[in-house]
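> Once you've had a glance at the structure underneath, I'll fire off some questions.
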Amino acid sequence: MKTVVLAYSGGLDTSVCVKWLAERGYRVVAFMADVGQGEPSTAAIRRAKIAGADSVIIRDLRQEFVTDFCWPALKAHAVYEGAYLLATALSRPLIAKHLVAVAHRLKAKAIAHGCTGKGNDQVRFEVTARILDPSLQIIAPVREWEFRSREEEVEYALRHRIPIEVSKRSPYSIDQNLWGTSIEAGVLEDPWTEPPEETYRSIRSPRRTSSQPTAVTIGFAKGNPISLNGERLKAVPLVERLNRLGALHGVGRCDMIESRVVGIKSREVYESPAGTILLGAHQELERLVLDRQLFQMKQTLGIKYAELVYGGLWFTPLKTALDAFIDETQRTVTGEVRLKLFKGTCQVVGRRSPHSLYREHLATYSAKDRFDPRASTGFIKLFGLPYEGKMWKVEDGKR
Ligand code: ARG
């Protein structure tokens, strides 16, 4: 009997995948990765068994997820199309890596996932799996099966007595982990429709946020977050705490149209409280300690980095090379940033570092000033010299 290791979430799609694969003669091993979406419930494990899974394997990947995936993306300032902090995208190569490892351990020749044929996740899972082991067969039941709608899928599940949680079923497709929540489909498919109140999943909606601001101080060492309000914390609890604080104030929400890998535009709603706070803090610390050339080069490379993460190209040479570059830039990214969370916003209000490039005696307008303004005279003359007397005009009618 052929063994297939399925990336199993416990939701409707992957539960039906278990049955579908079992019906086709596979011994199905359901692999559940804990990336902070909430502990795999006993109901989900039971559901896999009832659907015909031979066994369920659970791995707590939270620590690896934060330190090896979220931190590098944070240091790169990886934000896709200027808005998406890539929570879902970052988790896929990690899950795929462990999926392949489990397949190797069990000597399975095939892996499977429950992604649809028009999303990015199929690309991320499969590209990663093929990088790691191109000999593995990859099965994507959702791309192949006969169900035309969610209703047909539910009907199939009921027919096979797979206990699906009808009450818990939301009209949205939701993916969650420590770095954020992705919410799509349902009424969100109309890009003009405002996301309803119930789309606030991990954070409070603006009308329910706290009436008092909360101040937070984040400490960084070589670009990695290490403390919260002066208290040293490990990566996972640090992110968890920031998620809770950010959630109280509705921080980190984004509603956007994005360009998917497969060429379509889709409407997405994201929540990334901890990510948003950490990104705001990290960027500000870099403004303090990096010279302008390095800062600006990093900005442009961050766009590339985000594109690689989004497209599932995590385990690739360019990504590895970019990490090496970024780590080099982080040598002086040590210090603290103070922020205020309030009514959906997260504002930097203070920053300090032993590597600060800020010189008060040069910046001040007070009597302590040591800057020589006469030096500016010659500087400006030479700086503007190439353009003197040459006013460029767009000729009428030529545009
Ligand atoms: N569009 C987002 C991305 O590509 C979110 C995907 C969400 N996945 C899901 N199964 N709901 O990363």
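> Provide the FRET efficiency to the nearest 0.05 for the R244-L318 pair, computing r from the beta carbons and using R0 = 41 Å.
On the way: r = 36 Å, r/R0 = 0.87.
In this case the efficiency is close to 0.70.
> While we're looking at this one, here's another question. Stretch E328-I380 to full length: gain in nm at 0.36 nm per residue minus the Cα-Cα span? Show your work: numbers first, answer last.
Working: separation 52, 0.36 × 52 = 18.72 nm, distance 3.30 nm.
Taking E328 through I380 to full extension adds about 15.4 nm, to one decimal.
> Based on the mean of other beta carbon atoms within 10 Å per residue, what is the order of 387-393, 6-12, most packed first? Intermediate values should be presented prior to the final figure.
Numbers: 387-393: 6.3, 6-12: 23.1.
For the peptides 387-393, 6-12, the packing ranking is 6-12, 387-393.
> Another question, then. Enter the Cα centre distance for the pair the range 110-132 and the range 237-276, rounded to the nearest angstrom.
When both Cα centres are located, 22 Å separates them.
> Order of 279-290, 107-118, 253-264, 34-45 by packing, highest average Cβ count within 10 Å first?
On the way: 279-290: 20.8, 107-118: 18.4, 253-264: 14.6, 34-45: 16.2.
Going from most to least packed, we get 279-290, 107-118, 34-45, 253-264.
> Along the Cα→Cβ direction, 7 angstrom out, place labels at D396 and K340. What is the inter-label distance in nm?
Distance between label points: 5.2 nm.
> OK, next. Antiparallel DSSP bridges in the chain: what percent, to the nearest 5? Before the final figure, lay out the partial values.
Values: 36 of 53 bridges.
Counting DSSP beta bridges with both partners in the chain, the antiparallel share is about 70 percent.
> For I58 and E165, compute 0.36 nm times the residue count separating them, minus their Cα-Cα distance, and round to one decimal in nm.
Details: separation 107, 0.36 × 107 = 38.52 nm, distance 2.08 nm.
Extra length from I58 to E165 when fully extended: 36.4 nm.
> Between T193 and S173, what is the label-to-label distance in nm when each label sits 7 Å out along the Cα-to-Cβ direction?
Roughly 1.5 nm, to one decimal.
> Using the Cα centre of the chain as origin and beta-carbon charges of +1 (Lys, Arg) and -1 (Asp, Glu), tell me which of L279, I326, G38 is placed farthest towards the positive end of the dipole.
Farthest along the dipole direction, towards plus: I326.
> Still on this structure: If you put +1 on each Lys and Arg Cβ and -1 on each Asp and Glu Cβ, how big is the dipole of the range 76-199 around its Cα centre, in Debye rounded to 20?
Details: 15 positive and 18 negative charges, 195 e Å.
In total the dipole reaches around 940 debye.
> Under a point-charge model restricted to the Cβ atoms of Lys and Arg (+1) and Asp and Glu (-1), what is the dipole moment magnitude of the range 159-202 relative to its Cα centre, in debye to the nearest 20?
It works out to roughly 460 debye.
> Compute the helix-to-body angle for 292-310: its Cα long axis versus the longest principal axis of the chain, expressed 0 to 90° and rounded to tens.
On a 0 to 90 degree scale, this one is about 10.
> What do you get for the angle between helix 87-105 and the principal long axis of the chain? Use alpha-carbon atoms, 0 to 90 degrees, nearest ten.
So the inclination is approximately 50 degrees.
> For the chain, give the magnitude of the charge dipole about the Cα centre (Cβ charges: +1 Lys/Arg, -1 Asp/Glu; no others), in debye to the nearest 20. Mind showing how you got there, number by number?
On the way: 58 positive and 46 negative charges, 139 e Å.
Computed about the Cα centre, the dipole is about 660 debye.
> Moving on. Using per-residue counts of other Cβ atoms within 10 Å, averaged over each peptide, order 19-28, 148-157 from highest down. Display every interim value, and only then the final one.
Numbers: 19-28: 18.6, 148-157: 13.6.
Top to bottom by mean Cβ count within 10 Å: 19-28, 148-157.
> Relative to the present Cα-Cα distance, how much length would full extension add between A110 and D34 at 0.36 nm per residue of separation?
Roughly 25.2 nm would be gained on extension.
> Once ligands and nucleic acids are excluded and a 1.4 Å probe is used, how much of T14 is accessible, expressed in Å² to the nearest 10?
10 Å²
> What angle do you read, to the nearest 10 degrees and between 0 and 90, between the alpha-carbon axis of helix 121-132 and the longest principal axis of the chain?
90 degrees
> Give me the accessible area of L294, 1.4 Å probe, in Å² rounded to the nearest 10.
Surface accessible to solvent at L294 totals approximately 50 Å².
The values are calculated or read from the model by the stated rules, or taken from the named source; none is laboratory data. Predicted model only: the values in this text are computed from it and were never measured. Note: ideal-geometry Cβ built from the backbone for every residue, glycine included; neighbour counts use all protein chains shown. Note: areas computed on protein heavy atoms with side chains; ligands, DNA, RNA excluded. Shrake-Rupley method; radii C 1.70, N 1.55, O 1.52, S 1.80 Å.
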